[in-house]
Amino acid sequence: MENTLHFVFGIFGNAFALFLFLAPLITFKRIVKKRSTEQFSGIPYVMTLLNCLLSCWYGLPFVSPNNLLVSTINGTGAAIESVYVLIFLIFAPKKEKGKILGLLSLVLAVFATVVFVSLFALHGNARKLFCGIAATVFSIIMYGSPLTIIRLVIKTKSVEFMPFFLSLFVFLCGTSWFVFGLLGKDPFVAIPNGFGCGLGAVQLILYAIYRDNKGQNKKAAADGSLEMEKTNSKPHQEKPSNSLHSQDEQV
């Protein structure tokens, strides 16, 4: 029964993780359409690629037994993230492109080092421990990326920039793999995904608290800016239309 549950939660984890990996498709559709990366950062995709590569390697049978489902989804994730990084490199400005290429080189060097050391210097439990620690560290870094969004939500009291379904799938994915790790008695799967489960729960709680404020703070700020502009202007002075448009864009 325990083995069956272990497998079932692994399947759930694969499904929810796939939704997470595919979530940025809308962003990259916009990048391709505009042929520009605009203000988007490519760093999260490069770091997620490293996490997927390390987790995929950790899940292989000769590194850690009974974790093949970890390898399948992270191998898929590595392929998807590689496409994202490639698209970003094609459309990024020269300076950003150089930064991402440098980070990508570092990421591949880290992964190659882990593979080399685990294959030729370590065996058995030592290999599992080494690869597990590496995968855990970068999984926590990946899950920790929404912390800036959480801070923004608390500061603005608005969930405008925290999509509900993305938060939901972070929670579901983290929970599924957390249970998978517990059932498999594998702390290197349970610990980082328990962290992800907790962060996802925090995001959902914040969404429940501030969901009615979505977009209201931005509107209030715009109204306040317009009112201040009217107050400070001279009587009967006609303000140029492009000035007001510029104020709206800055807000």
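The values are calculated or read from the model by the stated rules, or taken from the named source; none is laboratory data. Quick caveat: nothing in here was measured; it's all calculated off a predicted structure. Glycine gets a Cβ as well: all are built from the backbone with ideal geometry, and neighbour counts include every protein chain shown. With ligands, DNA and RNA removed, areas are computed over all heavy atoms of the protein, side chains included. Shrake-Rupley method; radii C 1.70, N 1.55, O 1.52, S 1.80 Å.
Of everything listed in (1) at pLDDT 85 or above; (2) over 19 Å from Phe7 (Cα atoms); (3) of a type in the set (Phe, Trp, Tyr), the single unmet condition for Phe178 is (2).
Restricting attention to the range 14-37, the residues that are modelled with pLDDT under 85 and either touching a helix residue (DSSP H, G or I) at 6+ places or on another chain (Cβ under 7 Å) or surrounded by 17 or more Cβ atoms within 10 Å (Cβ to Cβ) (or both) total 4. Examine the range 98-121 for a residue that is closer than 23 Å to Phe165 by Cβ and among the charged types (D, E, K, R), and state whether such a residue exists. Within the range 98-121 (the criterion being closer than 23 Å to Phe165 by Cβ and among the charged types (D, E, K, R)), the answer is no, since none of the residues qualifies.
In contact with a Phe, Trp or Tyr (Cβ under 7 Å, 6 or more places away or on another chain), over 29 Å from Asn3 (Cβ atoms) and either surrounded by 15 or more Cβ atoms within 10 Å (Cβ to Cβ) or not hydroxyl-bearing (Ser, Thr, Tyr) (or both): is that true of Leu101 in this structure? Step through it out loud before you land on a result.
Values: in contact with a Phe, Trp or Tyr (Cβ under 7 Å, 6 or more places away or on another chain): no; over 29 Å from Asn3 (Cβ atoms): yes; either surrounded by 15 or more Cβ atoms within 10 Å (Cβ to Cβ) or not hydroxyl-bearing (Ser, Thr, Tyr) (or both): yes.
No, not satisfied.
Does Glu81 satisfy the criteria of being open to solvent by 50 Å² or more (accessible area, probe 1.4 Å) and acidic (Asp, Glu)? Considered against the rule, which asks whether it is open to solvent by 50 Å² or more (accessible area, probe 1.4 Å) and acidic (Asp, Glu), Glu81 comes out as no. Looking only at residues of the range 56-69 that are open to solvent by 10 Å² or more (accessible area, probe 1.4 Å) and part of a helix (DSSP H, G or I), we find that the one that is nearest to Phe130 (Cα to Cα) is Trp57.
Would the range 21-44 turn up any residue that is assigned to a helix (DSSP H, G or I) and closer than 18 Å to Val137 by Cα? Within the range 21-44, one or more residues are assigned to a helix (DSSP H, G or I) and closer than 18 Å to Val137 by Cα. When the test is whether a residue is under 24 Å from Leu20 (Cβ atoms) and either open to solvent by less than 60 Å² (accessible area, probe 1.4 Å) or of a type outside the set (Asp, Glu) (or both), Phe88 passes it.
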